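A.B. asks: Sharing a structure with you now.
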Amino acid sequence: MAGDDGNNNGGGQEEVQIQIAGSSSKGATSSAPPQSSPVKHWEWWLMLTLNMFFLIAGQTASTLLGRFYYNQGGNSKWMSTFVQTAGFPVLFIARLLFRSKSPSTQTATSSPEASTSKIILIYIVLGLIIAADDLMYSYGLLYLPVSTYSLICASQLAFNAVFSYVLNAQKFTPMIFNSVTLLTFSAALLGVDEDAQDTSGISQGNHVLGFVLTLGASATYSLILSLMQVTFEKVIKRETFSVVLNMQICTALVATLASLVGLFASGEWKTLEGEMHVFSSGKVSYVMTLLWTAISWQIASVGVVGLIFVVSSLFSNVISTLALPIIPVFAVIFFHDKMDGIKIIAMLMAIWGFISYGYQLYVDDKKSRKTSASVEENS
């Protein structure tokens, strides 16, 4: 990880610089390949489609497998937290797949290098926050139906808009406000839905706890994204693919170690052998469920990093949110979750909120292209 940064310096090959979501630096990332890009147009679209598939499929599969783990007799919240980041070595594949093979048309701005100790401290803090965030998600998935859980998670886009406004100086337009309002009401509807609280074997108190923790996890996830952006802009002051990927790997490593500490400190490690024996679908299924959950999370991570590379981190976050309203459909098919009128309304409101947010991105991108074109003509 640390050694991988060696090719960022001096005579090493340069990397494609990416635009971090909501960055205050001039210009915006276009959703189409730049004219000077060595990547052919069809190759760019192939990479875009492939990474969108990785993100949506990985996120959907990991969520469904996480629920399957609990349904079949698994009960370790720390193990569920651990597998969310334990497969981080898969991200090294992303470095090989998406490494720039020729010099970029853009170069990182020359600025003083941040001290290694400061960057390490930031990675540790972010990793610990990620571990806490994953733990909240684990509790939420245990105490809530998958359909309710995923729709509440869609509120992360609303939180992302709020934190981007506060921490990253992102404009709060009428369309963004509309998106935040819709996603907030969508989550509120699920919070007061009495049918959603009727989960087999789950008390009303645990249901409320699951709702609060899932909502808190969504807010924390959005805060993490904004803090990462602040780190890129104010501390590291470089926004290359390698830097983004290194941050993903290092913070995941810290989160994984923190989850292991939590697993042993809580004493849950003593119950794992018993879980394996009572797992309804068998011991092999128990191991494979955990293994594929970890792999699925990292497939989603590869999609996240890949979309950051070919488009932007904001686009990556929006596609991540797009997957959330899709999960309830699979939850009804595989887990026979109830899909009553309130859940359907909440899902439609979440989709409407996503469209509002996406349309604002389209407007901003179109305006940015016109500005860039006029600047090029005048220069």
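A.B. asks: Select, from THR240, THR251, THR220, the only residue that is polar (S, T, N, Q), modelled with pLDDT of 85 or more, within 23 Å of PHE88 (Cβ to Cβ) and crowded, with 23+ Cβ neighbours inside 10 Å.
C.D. replies: So the residue among THR240, THR251, THR220 that is polar (S, T, N, Q), modelled with pLDDT of 85 or more, within 23 Å of PHE88 (Cβ to Cβ) and crowded, with 23+ Cβ neighbours inside 10 Å is THR251.
A.B. asks: Select, from SER179, SER147, the only residue that is in a helix (DSSP H, G or I), under 30 Å from PHE82 (Cα atoms) and either small (Gly, Ala, Ser) or open to solvent by 10 Å² or more (accessible area, probe 1.4 Å) (or both).
C.D. replies: SER147
A.B. asks: Does LYS343 fit the bill of being open to solvent by 60 Å² or more (accessible area, probe 1.4 Å) and over 18 Å from SER222 (Cα atoms)?
C.D. replies: No: the conditions fail for LYS343.
A.B. asks: Could you say which residue among LEU157, LEU135 is at pLDDT below 80 and in a helix (DSSP H, G or I)?
C.D. replies: Going through LEU157, LEU135 in turn, the sole match is LEU157.
A.B. asks: How about the stretch 284-313: which of its residues are open to solvent by less than 20 Å² (accessible area, probe 1.4 Å) and touching a Gly at 6+ places or on another chain (Cβ under 8 Å)?
C.D. replies: TYR286, THR289, THR293, ALA294, SER296, GLN298, ALA300, VAL302, GLY303
A.B. asks: Would you call SER368 at pLDDT below 80, surrounded by fewer than 17 Cβ atoms within 10 Å (Cβ to Cβ) and not aromatic (Phe, Trp, Tyr)?
C.D. replies: When the stated conditions are applied, SER368 passes them.
A.B. asks: For a quick check of your reading of the model, give me the residue pairs whose first member lies in the stretch 163-184 and is free of Cβ contacts under 8 Å to residues at least 60 places away in the same chain, whose second is assigned to a helix (DSSP H, G or I) and open to solvent by 60 Å² or more (accessible area, probe 1.4 Å), with beta-carbon atoms closer than 6 Å and at least 6 apart or on different chains.
C.D. replies: Pairs found: PHE172/TYR165.
A.B. asks: With the requirement that a residue be touching a helix residue (DSSP H, G or I) at 6+ places or on another chain (Cβ under 9 Å), in a helix (DSSP H, G or I) and either over 18 Å from ALA61 (Cα atoms) or at pLDDT 80 or above (or both), what does the stretch 333-343 give you?
C.D. replies: Listed by number, the residues that qualify are PHE334, ILE342, LYS343.
A.B. asks: A further question on this structure: Out of SER316, SER281, report the one residue that is open to solvent by 10 Å² or more (accessible area, probe 1.4 Å) and not hydrophobic (A, V, I, L, M, F, W, C).
C.D. replies: Result of the check over SER316, SER281: SER281.
A.B. asks: Does any residue of the stretch 82-95 turn out to be open to solvent by less than 20 Å² (accessible area, probe 1.4 Å), modelled with pLDDT of 90 or more and part of a helix (DSSP H, G or I)?
C.D. replies: Scanning the stretch 82-95, I find no residue that is open to solvent by less than 20 Å² (accessible area, probe 1.4 Å), modelled with pLDDT of 90 or more and part of a helix (DSSP H, G or I), so the answer is no.
A.B. asks: Within the set of pairs 6+ apart or on separate chains, which have a first residue in the stretch 34-55 that is part of a helix (DSSP H, G or I), a second that is modelled with pLDDT of 85 or more, and C-beta atoms under 7 Å apart?
C.D. replies: These pairs meet every condition: PHE54/ILE299; PHE54/ALA300; LEU55/ALA300.
A.B. asks: Quickly run through the stretch 346-359 and pick out the residues that are over 20 Å from the mean Cα position of the chain (by Cα) and open to solvent by less than 20 Å² (accessible area, probe 1.4 Å).
C.D. replies: Result: ALA346, single match.
A.B. asks: State whether the residues of the stretch 40-47 include one that is at pLDDT below 90, surrounded by 17 or more Cβ atoms within 10 Å (Cβ to Cβ) and within 21 Å of the chain's Cα centre (by Cα).
C.D. replies: There is at least one residue in the stretch 40-47 that is at pLDDT below 90, surrounded by 17 or more Cβ atoms within 10 Å (Cβ to Cβ) and within 21 Å of the chain's Cα centre (by Cα).
The values are calculated or read from the model by the stated rules, or taken from the named source; none is laboratory data. Please read all numbers here as calculations on a predicted model, not as lab measurements. Glycine also receives a Cβ, built like all others from the backbone with ideal geometry; neighbour counts cover every protein chain displayed. Each accessible area value is taken on the protein alone, full model and side chains, heavy atoms only, with ligands, DNA and RNA left out. Shrake-Rupley method; radii C 1.70, N 1.55, O 1.52, S 1.80 Å.
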